[in-house]
Amino acid sequence: MECCRQLVVLVDVLLVLAFCGHIAWTVKASSQCKQALSREIRPHSVAITEFGAVGDGVTLNTKAFQNAIFYLNSFSDKGGAKLFVPAGRWLTGSFDLISHLTLWLDKDAVILGSDNPDDWPVVDPLPSYGRGVELPGGRHRSLIYGRNLTDVIITGDNGTIDGQGSVWWNWFKRKTLDYTRPHLVELMNSTGVVISNLTFSNSPFWTIHPVYCSHVIVQNVTILAPLDSPNTDGINPDSSNDVCIEDCYISTGDDLIAIKSGWDEYGISFARPSTNIIIRRLIGHNRNGSGIAIGSEMSGGVSEVYAENLYFFDSSTAITIKTARGRGGYVRNIYILNVTLVGVDTAIRFDSTFSPHPDDFYDPNALPVIERITIKDVIGNNIKVAGLLEGIEGDTFHHVCLLNIALTVTSGSPWNCSYIQGYSAMVSPETCEPLKESIYPNHSSDCYHLSNHLRSSGNQNKGSWLHSW
C-alpha cells in the first residue's frame, strides 16, 4: 500500500506540472501509433493576417478564415499548404477545412468561437443518428469543420481553440435552443487526420468528434471545460476505425472519451462500426461522466478497443459501457489495463438502462450483444463502489473478465451485478457471484486479449509510463 500511495503522490505532482506548465508530452518509441508529424513542411504557407484578420478578440474573422482556405485550396494538389495563426485572439464563426492542409496555431494564438448562433450554420443530422442528438431536426455545424477530406493536420505550438460555450450551455439549460448544439471540431468521412499539441476549451457540446473517419491520431492535447458544463465530452470517435488517442489531459463536464457508432434503428441501418481504437496515457477527471465510455449510441457496433495507462481522479465513473433495449449493435473485444483511480464514485459500470431514443420507431427487441470485455491491473483508493454491472434480462452480457484489481472501497456493497456472466482472478474486494468463477486454469481462453498486431511492443510496468511525461 505504501508503494501505491507513493505512486498516487507522483501522479498528482506530474499532473499539476503538466496542467500548469503545458509539458510537451512525447510518445514513447514503443508506441504502435504513428507519431504526429506536427511540423511537417508544406510547400505553401500563408498567415491569416494576410486576409485581413484582426486578432483583437472583437473583430469577426469568419470571412478571413474562409478566404484564406479558399485560396489555399489551389495548392491541395501541389503538396498542400499551411494556414498560420499567429499570437492574438481570433474571433470567428464556423469554417471549413480542406484536404492536404495544416492549420497551425502559434503559441498564444487563440481561436475564439462566436457567441452568435447565426455564425454556426445549421446542417443536416448525421444519417447514423436520424436527428440531432438533443432535438429533432438539424444541428449547428462545428466551429472547425470538414468532410470528405484527406491529410488534415490541426496542430501548433500549444495554441488554443476556445468555443466560448457558456452561452450555449445557458441556452441548453433554459431549453431555448432550436437545434442541437455544435461541437468544437468535427471531421466527417475523412482519412489521415492528425490533431495534436493544442488546448481545446469550452466546447458548446462534444469537443473533438471524428465521425465516419479512418486513420485518426489525437495526440498531446489538453481539453478543458467546467465540471458542471453539460455534455462537453472530450474526444468521441464515432463510427470510425483505426483511431489513436495518446498523451492527453482532459477535464470536462461529461465523458473524457466516448466511443460511439450511431443511434438505434439509424445506427443499425447505417451499419458503420467503430473498431481498432487505441487509447494510451490518459489523465483526467469529471463529475458527471466517465473516464472512458462506450455508448450509449453504439448501434453500429464497437469492437477491438485497447486502452492502457489511465489515471482518473475525483470523478463520477472510470469505465462505462452504456446501452439499452432498442440499441442493437454490439460491444465486443475490449481490453483495458493499467488503470489508477483516486476518488472515483464507481470504478466499473455497465448501464443497460440508458433509455433516450431518437423517436418512437426504434425496435425494442433489438438487443445489444455485449461480450468479451477484459479489465485488468487496476488499483484504486477512496472508491465508493467497485462495480455496478447491469445486463439486460434475456440478454446476458457474456465473458466479462476481471483480473488483478485492488480497490479500497468505502461502500458496504462494493459490487452489484445482474444478467452478467464471466470470470475473475485476484480481485479485491471479492467480486459478485456471477463473476466468481476463476479465470484460471480453465477459462483464460474465454477472456479477450488484444491480438498481437495492436499490442504495445514494450512491456511497460504499471508505473513506468508516468516517468516519461
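Points worth noting:
- Selection count where residues are open to solvent by 10 Å² or more (accessible area, probe 1.4 Å) and farther than 14 Å from G159 by Cα, scope the range 98-117: 6
- For the range 322-344, a residue qualifies if it is in contact (Cβ under 8 Å) with a residue 60 or more places away in the chain and over 30 Å from T410 (Cβ atoms), and the qualifying residues are R325, G326, R327, G328, G329, R332, N333.
Per-residue answers, yes or no, for (1) touching a residue at least 12 places away in the same chain (Cβ under 8 Å); (2) out of contact with any Pro (no Cβ under 8 Å at 6 or more places or on another chain); (3) closer than 29 Å to P356 by Cβ:
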{"residue": "G79", "(1), (2), (3)": "yes, no, no"}
{"residue": "P86", "(1), (2), (3)": "yes, yes, no"}
{"residue": "L91", "(1), (2), (3)": "yes, yes, no"}
{"residue": "L97", "(1), (2), (3)": "yes, yes, no"}
{"residue": "D106", "(1), (2), (3)": "yes, no, no"}
{"residue": "D115", "(1), (2), (3)": "yes, yes, yes"}
{"residue": "V122", "(1), (2), (3)": "yes, yes, yes"}
{"residue": "G132", "(1), (2), (3)": "yes, no, yes"}
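Rundown of residues vs (1) more than 20 Å from D151 (Cβ to Cβ); (2) open to solvent by less than 10 Å² (accessible area, probe 1.4 Å); (3) assigned to a loop (DSSP other than H, G, I, E, B), yes/no style:
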position: H209; (1), (2), (3): no, yes, no
position: I217; (1), (2), (3): no, no, no
position: P226; (1), (2), (3): yes, no, yes
position: P230; (1), (2), (3): yes, no, yes
position: D233; (1), (2), (3): yes, yes, yes
position: D242; (1), (2), (3): no, no, no
position: C248; (1), (2), (3): yes, yes, no
position: D255; (1), (2), (3): yes, yes, yes
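- When I268, I292 are screened for being touching a strand residue (DSSP E or B) at 6+ places or on another chain (Cβ under 8 Å) and without any contact (Cβ under 8 Å) to a residue 60 or more places away in the chain, only I292 passes.
- Only one entry in A87, A81, A68 is modelled with pLDDT of 95 or more and either polar (S, T, N, Q) or more than 29 Å from the chain's Cα centre (by Cα) (or both), namely A68.
- Members of the range 368-378 found to be of a type in the set (A, V, I, L, M) and either touching a Pro at 6+ places or on another chain (Cβ under 6 Å) or surrounded by fewer than 21 Cβ atoms within 10 Å (Cβ to Cβ) (or both), listed by number: V369
- Considering residues of the range 129-169 that are of a type in the set (K, R) and not in a strand (DSSP E or B) only, the residue surrounded by the most Cβ atoms within 10 Å (Cβ to Cβ): R141
- Count - residues of the range 325-350 that are outside any strand (DSSP E or B) and either buried (at least 23 other Cβ atoms within 10 Å of the Cβ) or of a type in the set (K, R) (or both): 4
The values are calculated or read from the model by the stated rules, or taken from the named source; none is laboratory data. This structure is a prediction, so every number in the text was calculated from the model and none was measured. Ideal geometry is used to build each Cβ from the backbone, glycine not excepted, and the neighbour counts take in all protein chains shown. What goes into the accessible areas is simple: the full protein's heavy atoms, side chains included, and nothing from ligands, DNA or RNA. Shrake-Rupley method; radii C 1.70, N 1.55, O 1.52, S 1.80 Å.
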